[in-house]
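Below is one structure; the comments refer to it alone.
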Amino acid sequence: MRNATIHSLLGAAAIAFIGSPALAQTSDTPPSAAEVAPPAPVDERPFQGLYVGGFVSYDVQPNDPGESIIFNRNGSATVTTAAGADAFSPGFCNGRATAAVPDNGCRNDRDDVAYGGRIGFDLQKRWLVLGALAEFGDSQITDSVSAFSTTPASYTMTRSLDWEAGFRGRVGFAARNTLFYGTGGAGYARIRSDFSTTNTANAFATTGTRNKWGVQYGGGIEQKIGRNFSIGLEYLYHDYDAPDARVQVTQGTAPATNPFVLGGTTTTFARSDNKFNWHSLRLTASFRF
């Protein structure tokens with residue numbers, strides 16, 4: 001029994017002696033590069049610096065209930081026939097006339113897409129982001145109003161955009177790689193004025209296409225994707241005063257008893273609503289340097 005115990009102890013010692021070099025060798029093996037590499041640095045200011053990008057949006061106009069065309073015939077706001085009746089008694093519609101009579105209805109103002117480019121710069125200190133941007137783009141929206149005369153005939157005045165620029169500031173809260181922000185500033189747009197009519201007798205001269213200053217404001221969310229790229233969703237409201245559109249009506253080939261020129265006068269058309277405004281829901285994309 002004693003000899004068996006001694007043999008067992010000697011065997012265990014031999015195994016421990018043989019295994020110890022292997023253990024020592026394992027502990028002396030140099031660590032891999034992955035084990036000694038420091039952790040990837042965290043970008044503490046993901047929204048700092050210069051960026052360029054673009055946007056695409058869908059633009060929607062508010063309804064303009066009750067809008068009409070107002071007249072000035074030698075100081076009178078009413079255009080009357082030779083018999084003294086109201087020449088525009090059929091009324092008005094908020095939109096583009098589809099025929100010479102109101103019974104056929106009007107086409108609604110057109111809501112449509114917009115697109116453009118932008119450049120901006122942000123300063124980030126911890127969670128606070130302050131920035132400024134400039135952008136330039138175009139929208140396909142149109143805003144019309146129509147009148148109907150007893151002739152019968154229709155008369156439509158339309159606003160649209162040739163282009164729009166924006167100059168805005170923004171302030172936001174950065175939660176790691178996500179930015180929540182508000183934005184506001186000035187807009188500068190080329191507002192186009194057009195006129196169409198089914199009246200082929202009188203002559204019509206249109207004025208009022210102008211460059212106008214307005215305001216823009218809204219807010220959005222921007223998400224950083226990778227080191228230099230971000231995408232976002234933005235809401236923006238555009239508001240312009242556009243009171244300059246006028247249509248001057250002269251005799252043309254119509255007789256002297258025509259209501260527009262009765263008594264040797266001329267008549268001017270203007271829109272009753274001077275506001276041109278709309279809402280934009282935008283998808284944005286930016287490359288940050």
Candidates ASN72, ASN94, ASN108, filtered to the one that is under 15 Å from TRP278 (Cα atoms) and out of contact with any Phe, Trp or Tyr (no Cβ under 8 Å at 6 or more places or on another chain): ASN108
Looking for something surrounded by 15 or more Cβ atoms within 10 Å (Cβ to Cβ) and at pLDDT below 95 - is there at least one such residue anywhere in the stretch 218-235? no
Would you be able to tell me the number of residues in the stretch 139-183 that are among the β-branched types (Val, Ile, Thr), closer than 19 Å to GLN48 by Cβ and crowded, with 16+ Cβ neighbours inside 10 Å? 2
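Would you check if GLY252 is of a type outside the set (Val, Ile, Thr), in contact with a His (Cβ under 8 Å, 6 or more places away or on another chain) and assigned by TED's automatic domain parsing to the domain that holds GLY91?
In short, no.
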Look through ASP138, ASP86 and report the one residue that is in contact with a Leu (Cβ under 9 Å, 6 or more places away or on another chain) and at pLDDT 95 or above. ASP138
Here is a check on your reading of the model: is THR257 assigned to a strand (DSSP E or B) and modelled with pLDDT under 95? no
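Looking only at the stretch 57-102, filter to residues that are in a loop (DSSP other than H, G, I, E, B) and of a type in the set (Asp, Glu); which one of those is farthest from TYR237 (Cα to Cα)?
GLU67
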Using the structure shown, decide if THR197 is closer than 28 Å to THR80 by Cβ, hydroxyl-bearing (Ser, Thr, Tyr) and surrounded by fewer than 19 Cβ atoms within 10 Å (Cβ to Cβ). no
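Could you check the stretch 234-289 and list, in sequence order, the residues that are closer than 30 Å to LEU133 by Cα and of a type in the set (Phe, Trp, Tyr)?
Selection gives TYR235, TYR237, TYR240, PHE276, TRP278, PHE287, PHE289.
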Among GLY117, GLY75, GLY91, the single one that is loosely packed, with under 13 Cβ neighbours inside 10 Å and in contact with a helix residue (DSSP H, G or I) (Cβ under 7 Å, 6 or more places away or on another chain) is GLY91
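The values are calculated or read from the model by the stated rules, or taken from the named source; none is laboratory data. The structure presented is a predicted model; accordingly, all values stated were derived computationally and were not measured. Cβ sites come from the backbone with ideal geometry, for glycine too, and all protein chains shown count toward neighbours.
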